[in-house]
Amino acid sequence: MNKNTILVTGANGEIGHGLIEHLAKSDGVQIVAIDMNPMDKSIKAKCHKAIVGDILDFGLLETLSTAHDFDTIYHLAALLSTRAERQPTLAHRVNVDGTLNLLELAITQSRLQGREIKFIYPSSIAVYGLPDVVTKHKSGKVKENQWCEPRTMYGINKLYNEQLGRYYTHYYRQLDVEPARGRVDFRGVRFPGLISALTVPTGGTSDFAPEMLHQAAQHLPYDCFVREDTRIPFMAMPDAIKALLHLQAAPRERLSRLVYNVGAFNPSAGEVYARIRNDFPDAKVGFLPDQKRQVIVDSWPEDVDDSTARTEWGYNPEYDFERAFSEYLIPAIRNRYDTPSKQNNR
Ligand code: SER
């Protein structure tokens, strides 16, 4: 049987872990994974090939393109927002030049295979930039075309990459005498903060919620770097993976956009702490805002309007705030850190 070959970049990251777990369950799929860091064993075993390498390495991408016929590319590799603020030129290289390289790989693949290549891209709420907290509260659920004035390097990179995706999908080499051969079908979701029970993010600014939870599960204190009343949207990792897979599978003719908001719940940092305390009563969280990171989170929307994703490709998160904790995060995190449940303590 001919297998569908899927390329996943940033495969060893948080989304990569969850995505590969899922993709590996489908018959007829082989995964080629690439990451800067050696892949965790559990993930590596599920890949046809697991390559340690840099998406800025043209030679490596060319070799990959020669060796495989990719059906879909999940381009997950990126430097997140806090890390990108600390190393803006590196972030630009990885986030923008890296994405351009992958889009070029997609076009080359499409030409070689004579068919469209799907390019699935996680964008972010960081593309939004609200000027102050009052405007943030007033704006409530932000639509895709509102407030696209990011204040971080990461947000700017993501917004620009969405535009690159539009260019490669609709206007690539528009001045050529012959219509360009090769087509990319770019599809993106603007993720809120993601919370996984299995992994902890690195270098993001929405990290306060997952960090708070993972510290509590290990009975460690945590200094939260934003105010208690800070509110942004979040999503449980299984819903994030589902969103990528569903968008990938949606018939193109149903899609009016290239990039969609997706959201699930939007607790304040204080509400996250209160919910964690239900299951980990000894959790100790101090709220010690880092003013500079606070300003970044304050510029992100309080919530997102994801009605277009719901209507057009059936986006429908399984986990609201309560279910995310009671049915996914708490049981899985207890398992991960081997912390007995309250019942077992009695
Ligand atoms: N989680 C990302 C970050 O904090 C935002 O999408 O950078």
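Points worth noting:
- From the options 63, 5, 72, residue that is in a helix (DSSP H, G or I) and either over 30 Å from residue 300 (Cβ atoms) or within 20 Å of the chain's Cα centre (by Cα) (or both): 63
- The range 191-225, subset assigned to a loop (DSSP other than H, G, I, E, B) and within 11 Å of the ligand (Cβ to nearest atom), residue nearest to residue 303 (Cα to Cα): 192
- Close Cβ contacts (under 8 Å, 6 or more residues apart or on different chains) running from residues in the range 49-60 that are within 18 Å of residue 95 (Cα to Cα) to residues that are of a type in the set (Lys, Arg) comprise 56/93.
- All of (1) away from the ligand (no atom under 16 Å from the Cβ); (2) crowded, with 21+ Cβ neighbours inside 10 Å hold for residue 141 with one exception: (2).
- Some residue of the range 162-178 being within 15 Å of the ligand (Cβ to nearest atom) and either of a type outside the set (Lys, Arg) or on the phi < 0 side of the Ramachandran plot (or both): yes
- Residues satisfying the stated conditions in the range 241-289, i.e. buried (at least 16 other Cβ atoms within 10 Å of the Cβ) and closer than 17 Å to residue 221 by Cβ: 269, 270, 272, 273, 276, 279, 280, 283, 285, 287, 289
- Evaluation of residue 182 against the conditions (1) at pLDDT 95 or above; (2) in contact with a Gly (Cβ under 9 Å, 6 or more places away or on another chain); (3) buried (at least 17 other Cβ atoms within 10 Å of the Cβ) shows that the sole unmet condition is (1).
- Some residue of the range 27-42 being out of contact with any His (no Cβ under 6 Å at 6 or more places or on another chain), at pLDDT below 95, loosely packed, with under 15 Cβ neighbours inside 10 Å and closer than 21 Å to residue 246 by Cβ: yes
- In this structure, residue 92 does satisfy being assigned to a helix (DSSP H, G or I), within 16 Å of the ligand (Cβ to nearest atom), modelled with pLDDT of 95 or more and not polar (S, T, N, Q).
The values are calculated or read from the model by the stated rules, or taken from the named source; none is laboratory data. Predicted, not measured: the structure shown is a model, and the values here were computed from it. A quick note on method: Cβ atoms are made from the backbone with ideal geometry, for glycine too, and the neighbour counts reach across all protein chains shown.
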